[in-house]
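Please read the structure below before turning to the comments.
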Amino acid sequence: MARVLNIVLLTLVFLFHYTDASRVLELTDRFSEIRKEGGIWLVKFYAPWCGHCKKLEPIWMHVAQALSRSNIRVGKVDVTKFPSVASEFKAYATPTIKFLKPDYEHTYNGERSKEAIVNYALRMAGGPVQDVRQVDSIDRLKKQNQLFFMYVGKPKGPLWDTYFATASLLQPYVFFYSVHENLVKDTVDIPSTPAIFVHKEGSHYFFNDGISDYPDDITTLNTTLYKWINEERFETFPRISSDNIKDVMETQKYIVLAIVEENKAKYISRDMLQFRNKFEQLIRKKRDVYHKHFQFGWMGSPDFANSILMTRIKMPYLLVLNSTTFHHHLPDDDPSVMSVMAIEEFLEGVVNRTTPTYGGDALHLNFARRIFDLKRNIEDMWKGNPLLLVVLLTLPSLFFLLILWSCCCTDVLDADDAEEEDYHEKKE
């Protein structure tokens, strides 16, 4: 009996593994024709030798599993086998993720996690603004602890037109909804209608503080609403990485980065957590003070800061980056021992422009950062796998010497053949 049970369990394990894997469709050069036939696609362009592609593979399988009951088909294209497909969709880097419709395509540049990619696909599959028609739908959205924007009122007028236009631009990054006033009056205190609020981390924040006295000039209204949504579409204290740092920079605020050390298993030491939590508690406690000028966040890797400062930092670390000028600010004290009061004084100096300013976005600085990154990558490769680095550096040199040798030998052989022909002619 035990043996039969083991066989059944092994069979189930095999079947589930096969089912998960088969949800990702392996696409060929016929995909261009298939795409024109209709349907919605989420496609990953990859190369078998790409390390980032290998890291994304298990995540991609979970994405396909999560979207299996939707109308979104998940596939992947091997660019080494089908370079023409990659060229057609301008997938020059690997991995590249694209959302595709018969007459539309968009490249995903967000965080490479299952939740982020799935939410992106669901947003893009629907319209820019999704209509909520049931009270339980609002409760469900809140329970998901999802960041979203909500328009309350009749879908007409300047505010609605501006909201819809903004949603069309920012649809890849955040959810937009609309609802009638009667459906939310018992769950959200609406000052007046029409109104727009953002729901994040269990709280609501209204555009224009809920005051219905909006600018009469449509251009001013468009600029004001877009700026507000672009600032509010991030969580209060998000994780910031190389995947989303460019989006965060679009807030045009000072970016406060608490940088800690996180290993591959997502483990953060107790001391590092205490340092990170210090900043999170500060922004949550004094959001009204800092939210206007600062976007707080944390990083689990020093690579970005190393590149900005062109040195290897000691963690934990504090870096404040001006997202409009790319200048940065550093505290005079050791960040690991700074008190909350010292942090507040430092941030006040940043706003008042009394703290020293470093760096920038000048051409010579960007060139120097590239050189530093190249040097740092070579050093890291040497520490991780010196043999591989030696092979990568010596193979091109050997290949060049081989070509040079073959050219020289060909010239020598041709010269010997010519001399031999002259000798035979004289002999005759």
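Nothing in this text is a laboratory measurement; each read-out follows from the coordinates by a stated rule. Bear in mind that the values here come from a model prediction, so they are computed numbers and not experimental data. All Cβ positions, even for glycine, are placed from backbone atoms using ideal geometry, and neighbour counts span all protein chains on display.
Each part gets one Cα centre, and for the stretch 107-164 versus the stretch 355-387 those centres are 39 Å apart. Could you tell me the calculated FRET efficiency between Tyr358 and Glu280, based on Cβ-Cβ distance and R0 = 22 angstrom, to the nearest 0.05? About 0.30, to the nearest 0.05. Remark on Gly75: its backbone amide H falls under 5 Å from those of Leu25, Leu42, Val43, Lys44, a criterion applied only to residues 5 or more positions apart or on other chains, H modelled at 1.01 Å from N.
Phi angles of the stretch 298-310 translate, via the Karplus equation with coefficients 6.51, -1.76, 1.60 and θ = phi - 60°, into HN-Hα couplings of 9, 10, x, 9, x, 4, 5, 5, 4, 5, 5, 8, 6 Hz per residue; Gly and Pro are given as x. Scoring 23-30, 90-97 by mean Cβ neighbours within 10 Å over their residues and listing the highest first yields 90-97, 23-30. Rounded to the nearest whole Hz, the Karplus-based 3J(HN,Hα) values (6.51 cos²θ - 1.76 cosθ + 1.60, θ = phi - 60°) of the stretch 104-111 follow the sequence 8, 8, 8, 8, 7, 10, x, 5, with x at glycine and proline.
Note down the net charge around Tyr226, summing +1 for each Lys or Arg and -1 for each Asp or Glu among other residues with Cβ under 12 Å from its Cβ.
Working: positive: Lys227, Arg233; negative: Glu231, Glu232, Glu250.
Here the charged neighbours net out to -1.
In terms of its C-alpha gyration tensor, the stretch 245-361 has a rounded overall shape, because the principal axis ratio a/c (a ≥ b ≥ c, square roots of the eigenvalues) stays below 1.5.
Each principal axis of the Cα atoms in the stretch 14-124 has its own extent, and those three values, largest first, are 33, 31, 28 angstrom.
How do the peptides 126-138, 74-86 rank, highest first, by the average count of neighbouring beta carbon atoms within 10 Å per residue?
Numbers: 126-138: 14.7, 74-86: 18.5.
Result, highest mean first: 74-86, 126-138.
For Lys314, the lysines whose Cα comes closer than 26 Å to its Cα, not counting residues fewer than 8 places off in the same chain, are Lys246, Lys253, Lys264, Lys266, Lys278, Lys375, Lys383. Modelled spin-label separation between Glu105 and Arg376, with each label point placed 7 Å from Cα along the Cα-to-Cβ direction: 3.3 nm. In terms of packing, defined here as the mean over residues of other Cβ atoms within 10 angstrom, the peptides 264-271, 101-108 line up highest first as 101-108, 264-271.
For the stretch 168-208, what is one quarter of the convex hull surface built on the Cα atoms, given in nm²? Intermediate results must be reported in sequence, preceding the final value.
Numbers: hull surface 14.4 nm².
Taking a quarter of the hull surface, the average projection is 3.6 nm².
Within the same chain, lysines fewer than 8 places from Lys154 are excluded, and of the rest, those with a Cα less than 16 Å from its Cα are Lys185.
Taking θ as phi - 60° and the Karplus parameters 6.51, -1.76 and 1.60, the scalar couplings of the stretch 176-181 work out to 10, 10, 9, 8, 7, 4 Hz in sequence order, x denoting glycine and proline.
Using C-alpha pairs under 8 Å with a sequence gap of at least 6, the mean separation divided by the residue count of the stretch 244-361 gives a relative contact order of 31 percent.
Using Cα-Cα distances under 8 Å and only pairs 6 or more residues apart, what relative contact order does the stretch 14-124 have, in percent? Please list the in-between numbers first.
On the way: 159 pairs, mean separation 39.0, N = 111.
The value is 35 percent.
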